[in-house]
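Asker: Input: one structure, supplied below.
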Amino acid sequence: MSQEDERPPAAVLFDALGADYEKAFAHAPAHLSALEWLTERLPPAARTLDVGSGTGRPTAAALVEAGHSVLGVDVSPVMVELAARQVPGAEFRCADIRDLPLGSDSFDGVCVFFSLLQMTRAQQSALMRRLALALRPGGHLVLSTVAADVEDVEVVFLGREVRATSFAEDDVIAMVEAAGLTVLSRHSPTFTPDHPGAGPEPHLFLYCRREETRG
Ligand SMILES: C[S@@+](CC[C@H](N)C(=O)[O-])C[C@H]1O[C@@H](n2cnc3c(N)ncnc32)[C@H](O)[C@@H]1O
C-alpha cells in the first residue's frame, strides 16, 4: 500500500480539490449568513476555532476581518498551505481534529462547516462533545452539513469518488443537543456548487449556543 493510501480519506480528497472547492462553494449565501450570525454574537477580539478550515475563505477571512483571532485546523496540507497564504491574519494547523487536544472553555466561537462527512457517526458525535466542552459557557457554534441517513456510501463529489457518512436532519440536531449545545435555529437551504455537472445539494445549518452554567 502506498503512503498516500494510508492517509485519512479527507486529506487525499481535499489535497486533490484545493482551490476548486472554494470556487464551487465559498459564495454560498447560507454560509455567509451563518458567519454574519456568529460575528454579531462574538465579543470583541474573540478566540475562534474553525474545524476543517479549507482554503480559509470565507470563514477565517470573515472572522479575521471582524477583528477576531482564528485557529483553523485542517487535515489536508494543500488546504492549510492555501489558507495560510490567503488569510495571513489567522493561524492554521495541519492536523486531524479527531486527534487534536482542545482545552476546556477556550473558544468564544466554533465553526464546523461541512467538515464531518468523512468521519464515522461515532467520531462525529465524539467530536461534537469535545467541541461543546472547548466552547466557553455562553459561546456560540455554527455547524453545517449535508443531512442524510447514510453511512459510508460512495458519492461523486466535484467529480471525485468519495465515501460519506451523515445523519438525517433530526438526528444531526439530536447529536448536537446530546453534546450539550442548544440549537437556536436551523436552516435547510438547497445549494448548487459552481462546478460542471454539480446538482443541487440539501444543506443543513445549525446555529447553536453552549448555555451558561447554572447554580
Ligand atoms: C467540505 S470542506 C469545507 C471547508 C470549509 N469548512 C468551508 O466550508 O469552506 C471540508 C474540510 O474539512 C477538512 N477535514 C475533513 N476531515 C477532517 C479532519 N478529521 N480533521 C481536520 N480537517 C478535516 C477537509 O480537509 C476539508 O478542507
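The values are calculated or read from the model by the stated rules, or taken from the named source; none is laboratory data. These figures come from a predicted structure and were not determined experimentally. Cβ: placed from backbone, ideal geometry, glycine included. Neighbour counts: every protein chain shown. Side chains included, ligands, DNA and RNA excluded: accessible areas come from the protein's heavy atoms. Shrake-Rupley method; radii C 1.70, N 1.55, O 1.52, S 1.80 Å.
Asker: Of the conditions (1) open to solvent by less than 60 Å² (accessible area, probe 1.4 Å); (2) touching a residue at least 40 places away in the same chain (Cβ under 8 Å); (3) within 11 Å of the ligand (Cβ to nearest atom), PRO9 fails just one. Which one is it?
Answerer: (1)
Asker: Applying the selection to segment 29-52, what residues are open to solvent by less than 10 Å² (accessible area, probe 1.4 Å) and either within 16 Å of the ligand (Cβ to nearest atom) or over 22 Å from ARG93 (Cα atoms) (or both)?
Answerer: Applying the first criterion (open to solvent by less than 10 Å² (accessible area, probe 1.4 Å)) to segment 29-52 yields 34-35, 38, 46, 48-51.
Hits for segment 29-52 are ALA34, LEU35, LEU38, THR48, LEU49, ASP50, VAL51.
Asker: Next question. Just to be sure I understand, how many residues within segment 66-91 are assigned to a helix (DSSP H, G or I) and within 12 Å of the ligand (Cβ to nearest atom)? It would help to see each step written out before you state the result.
Answerer: Our first condition is that a residue be assigned to a helix (DSSP H, G or I); within segment 66-91, this holds for 77-86.
Retained after the next criterion (residues that are within 12 Å of the ligand (Cβ to nearest atom)): 77-83, 86.
Of the residues in that region, 8 qualify.
Asker: From the residues in segment 92-108 that are outside any loop (DSSP other than H, G, I, E, B) and touching a Pro at 6+ places or on another chain (Cβ under 9 Å), which one is most open to solvent (accessible area, probe 1.4 Å)? Outline the logic, then answer.
Answerer: Our first condition is that a residue be outside any loop (DSSP other than H, G, I, E, B); within segment 92-108, this holds for 92-94, 107-108.
Still in the running and touching a Pro at 6+ places or on another chain (Cβ under 9 Å): 94, 108.
Details: CYS94: 70, ASP108: 28 Å².
Within segment 92-108, the match that is most open to solvent (accessible area, probe 1.4 Å) is CYS94.
Asker: Check segment 135-146 and report whether any residue there is within 16 Å of the ligand (Cβ to nearest atom) and free of Cβ contacts under 8 Å to residues at least 60 places away in the same chain. Lay out the reasoning, then the answer.
Answerer: Initially, segment 135-146 is screened for residues within 16 Å of the ligand (Cβ to nearest atom), giving 141-146.
Now restrict to residues that are free of Cβ contacts under 8 Å to residues at least 60 places away in the same chain: 145-146.
Within segment 135-146 (the criterion being within 16 Å of the ligand (Cβ to nearest atom) and free of Cβ contacts under 8 Å to residues at least 60 places away in the same chain), the answer is yes, since at least one residue qualifies.
Asker: So, in segment 164-215, how many residues would count as being among the β-branched types (Val, Ile, Thr) and either assigned to a loop (DSSP other than H, G, I, E, B) or free of Cβ contacts under 8 Å to residues at least 12 places away in the same chain (or both)? Show your work before the answer.
Answerer: In the first step, residues of segment 164-215 are kept if they are among the β-branched types (Val, Ile, Thr); the result is 165, 172-173, 176, 182-183, 190, 192, 213.
Narrowing the set further to residues that are either assigned to a loop (DSSP other than H, G, I, E, B) or free of Cβ contacts under 8 Å to residues at least 12 places away in the same chain (or both) leaves 165, 192, 213.
Total satisfying the criteria: 3.
Asker: Any idea which of (1) of a type in the set (A, V, I, L, M); (2) open to solvent by 10 Å² or more (accessible area, probe 1.4 Å); (3) free of Cβ contacts under 8 Å to residues at least 60 places away in the same chain; (4) more than 10 Å from the ligand (Cβ to nearest atom) is the one LEU63 doesn't satisfy?
Answerer: Condition (2) is where LEU63 drops out.
Each row is one residue, and each column tells you yes or no for (1) among the charged types (D, E, K, R); (2) at pLDDT 95 or above.
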| site | (1), (2) |
| --- | --- |
| GLY180 | no, yes |
| VAL183 | no, yes |
| GLU201 | yes, no |
| LEU204 | no, yes |
| CYS208 | no, yes |
| GLY215 | no, no |
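Asker: Which one of these does THR120 not meet: (1) more than 17 Å from the chain's Cα centre (by Cα); (2) surrounded by fewer than 15 Cβ atoms within 10 Å (Cβ to Cβ)?
Answerer: (1)
Asker: Among the residues of segment 166-215, what is the count of those that are of a type in the set (Asp, Glu), surrounded by 12 or more Cβ atoms within 10 Å (Cβ to Cβ) and under 22 Å from ALA122 (Cα atoms)?
Answerer: Summing the residues that are of a type in the set (Asp, Glu), surrounded by 12 or more Cβ atoms within 10 Å (Cβ to Cβ) and under 22 Å from ALA122 (Cα atoms) in segment 166-215 gives 3.
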